[in-house]
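Asks: Input: one structure, supplied below.
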Amino acid sequence: MKPIRYTKEMVDEFLRDGYWTNETFYDFYDRNAREYGDKEALVDARYRVTWAEAKRLVDAMALSWVEMGIPKFARVIIQSPNSVYGFLARIACERAGLISLTVYPYLRQKELEYMVERTEATAVIIPNVYRKFDYLEMYKGLQQRFPHLKYIFLFDDEVPDSAPEGTYSLTKLAQERSKLPVDESVLAERRLDPIWNVALLTTTSGTTGLPKLVEWPCAPRVCTSKGRVDIWGLNKDDITMAIAPHAGGAAGTLTYFAAPLAGAKTVMLEEFTPEGALALIEKEKATAIGVVPTHLVRMLEADTSKYDLSSLRFIRSAGGYLSPQVAEEAEEAFGAAITSDLGTQDMGSVSGCRVEDPKELRRRTVGRMLPGNKVRLMDEDKTHEVPEGEPGILYFRGPHAPAGYYRDEELTATVFDPDGWTTTGDIVKFDQGCLWILGRAKDMIIRGGQNIYPAEIEGLLNEHPKVASVAIVGYPDREMGERCCAYVIPKAGQTFTFEEMVQFLKGKQLAMFKLPERLEVVDEFPAVGDSGKVNKETLKKDIKDRIEAEKG
């Protein structure tokens, strides 16, 4: 299956400049099996697998699927908790020339119905029951509606009697086939072209509530993974750990994509509890963990002093806003650096901080552009580049971007222009070689003709000792066009007043026109879906309603 967006000129450019190669992710498993065969590769509560064993099991799964007659380029949905076999299934799909879509375990009928239909999936790989939810029963219903869904592979050793025809135990299938000879030529014929074949799909939230599907060949993902290995300083002695689900970027980028390139081991936490996560870090001597901010907050609520966390080198937090206070507390409690970066499933990876960067840069910026990315900062009309040193809307193009939306040229063209330029919609500036995000173009507040960037004020207010979290939004005003409101969640047991806010910001030498003119103290912020990101549209509506109610 050819990627929807890439042109020959684009591919030639990225190959010539050395950003894209002919490597697949399986190639790194193959190399690690040769060079570090007896070294542990993947660990969960049930399995401990070496690189040599991982390659053998991956080859066995891939051959089993080929021998069953599953055609090359068939789509496979993997709905897996953090587990060794979840990882092996993903890499085995690539090895067998199948296109995998790995999704979160919490997705249910509505989302999955769309994905099964849209991809015309041939197979799914699932647990029978997980967290008391019957996945097999759900997919039995989907199978009746979509006859192209011929196979169900279970992460369980036993197949229930009630399972439909075409249901297999993936673990038994792999273990039994691994005892037989492997014809490498069969799998060589199934090899996906790292550039001209789609290898995997990822999901991103859609405005309709249904996810959008994004196409990825191996080349851009390998390119990004090499960039991450470099800025994180990953090596074969590192032990990465998936605390967040491996289906998402917070843990998946670190563990599934980057770790094998460095030959690093990955440990998986299947069920998150703060104590369970801390105990596993101690037990496995993890050096790098992938989390969403909620995990860090909950782990800090536990008594971290009970655990030996001295092995930890860095923490990759993504998938939502991490306040500077929580980052500060986490670095102190864990003795590890927290990195920050910028990227989206729709547009690819943009930039990242190095582990050794100064604290201010890791807190306040998203680091330097990844190798090969080109940048333009455009004015509000998106017609001219802004003068050097001035804030502008971030546009970029480079070798880290996906091929577009799955089989949808029209939707892809709304995100990428013909030359590959795209925008996150962020207003940014460059300083000290790093990218500082000042806010979203749609969130920028224009007060009396002067631009106010919410992230600038949020960054300063987050430093206040009484503030746990802050969100800045604009509200309509007849005189000024817009004014600025601060929504603040105080720290536990604290109160926070408008006067305290104004005096604190004045002490930061903030221009007077940028000072928020209202303060709303709240217990929590509305979130965008399950992303953990603050839903500013809801806050804008809230403050507008409050003001109208006051007017009577």
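Asks: Counting only DSSP beta bridges with both residues in the range 1-114, what percent are antiparallel, rounded to the nearest 5?
Replies: Working: 3 of 8 bridges.
For the range 1-114, the DSSP antiparallel bridge percentage is about 40.
Asks: Nearest-5 percent of antiparallel DSSP beta bridges in the range 165-307?
Replies: Values: 5 of 12 bridges.
Here the share of antiparallel DSSP bridges comes out near 40 percent.
Asks: So what's the net charge close to T167: Lys and Arg +1, Asp and Glu -1, counting the other residues with Cβ under 15 Å from its Cβ? Working shown, then result.
Replies: Numbers: positive: K140, K150, K172; negative: D134, E137, D156, D157, E158, D161, E165.
Net charge around T167: -4.
Asks: Among A330, M480, V470, which residue has its Cα furthest toward the positive end of the charge dipole of the chain, with +1 on Lys/Arg Cβ and -1 on Asp/Glu Cβ?
Replies: Farthest towards the positive end: A330.
Asks: Sticking with this structure for a sec: Highest mean first, how do 296-306, 461-471, 250-260 rank when packing is the count of other Cβ atoms within 10 Å averaged over residues?
Replies: Values: 296-306: 15.7, 461-471: 19.6, 250-260: 26.2.
Descending packing order for the listed peptides: 250-260, 461-471, 296-306.
Asks: If the limit is 20 Å between Cα atoms, which of K429/K491; K442/K533; K506/K533; K442/K536; K265/K533 go over it? Don't jump to the answer; show the numbers that get you there.
Replies: Values: K429/K491 30 Å; K442/K533 15 Å; K506/K533 28 Å; K442/K536 10 Å; K265/K533 30 Å.
Exceeds cut-off: K429/K491; K506/K533; K265/K533.
Asks: Once fully extended, how much extra length lies between L411 and D193, figured as 0.36 nm per residue of separation less the alpha-carbon to alpha-carbon distance?
Replies: Details: separation 218, 0.36 × 218 = 78.48 nm, distance 2.46 nm.
This chain segment gains 76.0 nm when fully extended.
Asks: Could you work out how far the C-alpha centroid of the range 226-241 sits from that of the range 98-128, in angstrom?
Replies: 30 Å
Asks: Next question, about the same structure. For the chain, return all DSSP H helices satisfying: extent of Cα atoms along own axis at least 18 Å; mean Kyte-Doolittle hydropathy at least -0.5.
Replies: Working: long enough: 51-67 (24 Å, 0.21); 218-232 (21 Å, -0.07); 536-551 (23 Å, -1.73).
Once both thresholds are applied, what remains is 51-67, 218-232.
Asks: A further question follows. For the range 470-486, in order, what is each residue's ³J(HN,Hα) by Karplus, 6.51 cos²θ - 1.76 cosθ + 1.60 with θ = phi - 60°, in whole Hz (x at glycine and Pro)?
Replies: Each residue of the range 470-486 in turn: 9, 9, 9, 9, x, 9, x, 8, 4, 6, 9, x, 9, 10, 10, 10, 9 Hz.
Asks: What ranking, highest mean first, results for peptides 364-371, 15-22, 515-522 when packing means the other Cβ atoms within 10 Å averaged over each residue?
Replies: Details: 364-371: 21.6, 15-22: 15.2, 515-522: 17.1.
The densest-packed peptide leads the list: 364-371, 515-522, 15-22.
Asks: For the cross-link pairs K226/K283; K212/K541; K226/K541; K132/K540, which exceed 31 Å when the distance is taken from alpha carbon to alpha carbon?
Replies: On the way: K226/K283 28 Å; K212/K541 26 Å; K226/K541 43 Å; K132/K540 39 Å.
Where the Cα-Cα span goes over 31 Å, the pairs concerned are K226/K541; K132/K540.
Asks: Round to a whole angstrom and tell me the spacing of the C-alpha centers of the range 140-157 and the range 313-363.
Replies: The two parts, judged by their Cα centres, are 39 Å apart.
Asks: Excluding same-chain pairs closer than 8 in sequence, count the lysine pairs in the range 1-99 whose Cα atoms lie under 26 Å apart.
Replies: Taking the Cα cut-off of 26 Å, the pair count is 4.
Asks: Counting DSSP beta bridges in the chain, what percent are antiparallel, to the nearest 5? All intermediate terms of the calculation are to be shown ahead of the outcome.
Replies: Details: 48 of 85 bridges.
For the chain, the DSSP antiparallel bridge percentage is about 55.
Asks: If I take every Cα pair under 8 Å that is 6 or more residues apart in the chain, average their sequence separation and divide by the length, what percent do I get for the relative contact order?
Replies: Numbers: 1098 pairs, mean separation 59.8, N = 552.
With pairs under 8 Å counted, the relative contact order is 11 percent.
Asks: Can you tell me the order of 229-240, 192-203, 533-544, 176-187 when each peptide is scored by its average per-residue count of other Cβ atoms within 10 angstrom, highest first? Don't skip to the answer; put the middle values down first.
Replies: Details: 229-240: 19.2, 192-203: 21.6, 533-544: 16.8, 176-187: 12.4.
By packing density, highest mean first, the sequence is 192-203, 229-240, 533-544, 176-187.
Asks: Which net charge results when you count Lys and Arg as +1 and Asp and Glu as -1 among the other residues whose beta-carbon is under 12 Å from that of K442? Show your work: numbers first, answer last.
Replies: Working: positive: R440, K536, K540; negative: E380, D426, D443, E537.
Every neighbour counted, the sum reads -1.
Asks: Another question, then. Tell me which residues come under 5 Å, amide H to amide H, from S340 once H is placed; ignore anything under 5 positions away on its chain.
Replies: Those qualifying (amide H under 5 Å, at least 5 residues apart or on another chain) are C353.
Asks: Would you kindly find the accessible area of F416, with a 1.4 Å probe and non-protein molecules such as ligands, DNA and RNA excluded, rounding to the nearest 10 Å²?
Replies: For F416, the solvent-accessible surface is approximately 10 Å².
The values are calculated or read from the model by the stated rules, or taken from the named source; none is laboratory data. Model, not experiment: these values are computed from the prediction. Cβ: placed from backbone, ideal geometry, glycine included. Neighbour counts: every protein chain shown. Areas reflect the complete protein model, heavy atoms only, side chains present, ligands, DNA and RNA absent. Shrake-Rupley method; radii C 1.70, N 1.55, O 1.52, S 1.80 Å.
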